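K.L.:
Questions regarding the structure given below will be posed in turn.
Read the figures in this text as sums done on the coordinates, not as results from a lab. Note that this is a predicted model, so its numbers are computed, not measured. FYI the Cβ positions are ideal-geometry reconstructions off the backbone, even for glycines, and counts take in every protein chain you see.
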Amino acid sequence: MNITHAYAAHDAKSALVPFDYQPRALRDHDVQIKVLFCGVCHSDLHQARNEWSNTLYPVVPGHEIVGRVSAVGSHVSAYQVGDLVGVGCMVDSCRSCPSCEEGLEQYCENGFTGTYNGQDRQTGAVTYGGYSTDMVVDQDFVLRVPANLDPAGVAPLLCAGITTYSPLRQWGAGPGKKVGIVGLGGLGHMGVKLARAMGAHVVLFTTSPSKIEDAKRLGAHEVVISRNQEEMAQHANSFDFILNTVAAQHDLNPFLNLLRRDGTLTLVGAPEHDHPSPQVFNLIMKRRRIAGSLIGGIAETQEMLDFCGQHGITSDIELIPMQQINQAYERMLKSDVKYRFVVDIDSLRA
């Protein structure tokens, strides 16, 4: 393969800049992908700036990837050249632990291999992500993209979509269920769309009255301003499930109060600092639960893509050239995007 053009961060303080690298040679079960679009996740910023203290530099972010197959290894059976495909947050796992055998590779007991900032299980080489013109990925971690969906809008489904779909499915969002979504950002707006398509009664919680109209456009039946105690009190003890997408430290107790008996509050936002501990009696008195959820396995991610294809669901995006990635990071910190930046990777080929 020719040299791959990408953007990388070389340390925690500097901007992302052009970076060329040589991808691995095609293995028997590998798929070579010409990347078309890559979503910009807040995790990309965390990693580029080493906010989780585990970044391997230089780092090429990007794990919301859509592209076309450009070559296949000699034993590839699932894909052929020209197929429209996706790659999410994982490119490998041990494949033999109980979680992997159950199709839950994201919980691999030996640690899954991240699409970027991971280490190849065979060579130990650092993995580079979707801010690149091309990628090489094992076919078992490649996903088929529905042909009826806009490929740029599909890209964020590979992280934001599956991160919200998986817990909604796990805790039974559907007809007859009252589901809350906390926060209307990249994750939250997907949570609203997916919960509505599943048939649940959807309530969006936000601190911003300016988001009421947009939340209803996206599919929320009701919108609650979470700082308004009267509005919150009207929903006490009524929710089957609440999905909290907020990635900033905050008090969980007001949301626990809204759960009915046996209700669950699931956290998918990853704050830099932990939330304050909730009141134990809020849990004990109604047998309520606080849970967490991490993306989804490969089979479930394909299920999510197929579901989105059936319901015509994509992410609301702002398409940008790669050369604007640093400005996009600054805007993302200010929540100045509706609701996900997606990089047009053709801008790297110009």
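K.L.:
Choose one of VAL137, ALA195, LEU149: the residue whose Cα lies farthest towards the positive end of the charge dipole of the stretch 123-199 (beta-carbon charges +1 Lys, Arg; -1 Asp, Glu; about the Cα centre).
P.N.:
ALA195
K.L.:
Whose amide H sits under 5 Å from the amide H of GLN119, counting only residues 5 or more places off or on another chain, with H placed in the peptide plane?
P.N.:
GLY114, THR127
K.L.:
What is the log10 of I(q)/I(0) for the chain, computed with the Debye formula using one identical point scatterer on each Cα and no solvent, at q = 0.07, 0.12, 0.15 Å⁻¹?
P.N.:
-0.29, -0.85, -1.28
K.L.:
I would also like to ask the following. Any chance you could run the full-extension gain for HIS10 through LEU56? It's 0.36 nm times the residue separation minus the Cα-Cα distance, nm to one decimal.
P.N.:
Difference between extended and current length: 15.7 nm.
K.L.:
Toward the positive end of the charge dipole of the stretch 160-292, about the Cα centre and with charges on Cβ (Lys, Arg +1; Asp, Glu -1), which of HIS235, GLY172, PRO271 goes farthest?
P.N.:
GLY172
K.L.:
Which value, in debye to the nearest 20, describes the size of the charge dipole of the stretch 160-292 about its Cα centre when Lys and Arg Cβ atoms bear +1, Asp and Glu Cβ atoms bear -1, and nothing else is charged?
P.N.:
About 480 debye.
K.L.:
Right, something else. Counting alpha carbon pairs within less than 8 Å and at least 6 residues apart, what relative contact order, in whole percent, applies to the chain?
P.N.:
It comes to 18 percent, rounded to a whole number.
K.L.:
Could you order the peptides 106-113, 196-203, 287-294 from most to least packed, using the average number of other C-beta atoms within 10 Å per residue?
P.N.:
Packing proxy ranking, top to bottom: 196-203, 106-113, 287-294.
K.L.:
Still on this structure, please answer the following. Over the Cα atoms of the stretch 160-292, what Rg and Dmax result, in angstrom?
P.N.:
13.3, 37
K.L.:
Can you list the chymotrypsin sites (Phe, Trp or Tyr not before Pro) in the stretch 202-267 that are in a DSSP coil and have 16 or fewer other beta carbons within 10 angstrom? Write out the running numbers ahead of the final one.
P.N.:
On the way: sites: PHE205, PHE239, PHE241, PHE255; in loops: none.
Here no loop site has a sparse enough neighbourhood.
K.L.:
Suppose every Lys and Arg Cβ carries +1 and every Asp and Glu Cβ carries -1, with no other charges. What dipole size does the chain come out with about its Cα centre, to the nearest 20 debye?
P.N.:
920 debye
K.L.:
Put +1 on the Cβ of each Lys and Arg and -1 on the Cβ of each Asp and Glu in the stretch 160-292; which of PRO209, ALA247, ASN282 then has its Cα farthest toward the positive end of the dipole?
P.N.:
ASN282
K.L.:
Helix 186-198: angle to the longest alpha-carbon principal axis of the chain, degrees 0 to 90, nearest 10?
P.N.:
With rounding to tens, the tilt is 70 degrees.
K.L.:
At 222 nm, what value in deg cm²/dmol follows for the chain if DSSP H runs of at least 4 each add -39500 (n - 2.57) and the sum is divided by all its residues, to the nearest 500?
P.N.:
Value at 222 nm, helices only, nearest 500: -6000 deg cm²/dmol.
K.L.:
For the stretch 264-316, which GluC sites (Glu not before Pro) pass both filters: DSSP loop (anything but H, G, I, E, B) and at most 10 other C-beta atoms within 10 Å?
P.N.:
Of the GluC sites (Glu not before Pro), the ones in loops of the stretch 264-316 whose Cβ has at most 10 other Cβ atoms within 10 Å are GLU272.
K.L.:
Just to confirm the number: angle between the C-alpha axis of helix 298-311 and the first principal axis of the chain, 0 to 90 degrees, nearest 10?
P.N.:
70 degrees
K.L.:
Roughly how many debye, to the nearest 20, is the charge dipole of the stretch 56-141 about its Cα centre, given +1 on each Lys and Arg Cβ, -1 on each Asp and Glu Cβ, and no other charges?
P.N.:
220 debye
K.L.:
Scan around ARG144 for amide H atoms under 5 Å from its own, H built in the peptide plane at 1.01 Å from N, and keep only partners 5 or more places away or cross-chain.
P.N.:
Excluding prolines and chain starts, which carry no amide H, the hits are GLY86.
K.L.:
May I pose another question? Report, to the nearest 10°, how far helix 160-170 tilts away from the longest principal axis of the Cα atoms in the chain, using its own Cα long axis and a range of 0 to 90°.
P.N.:
50 degrees
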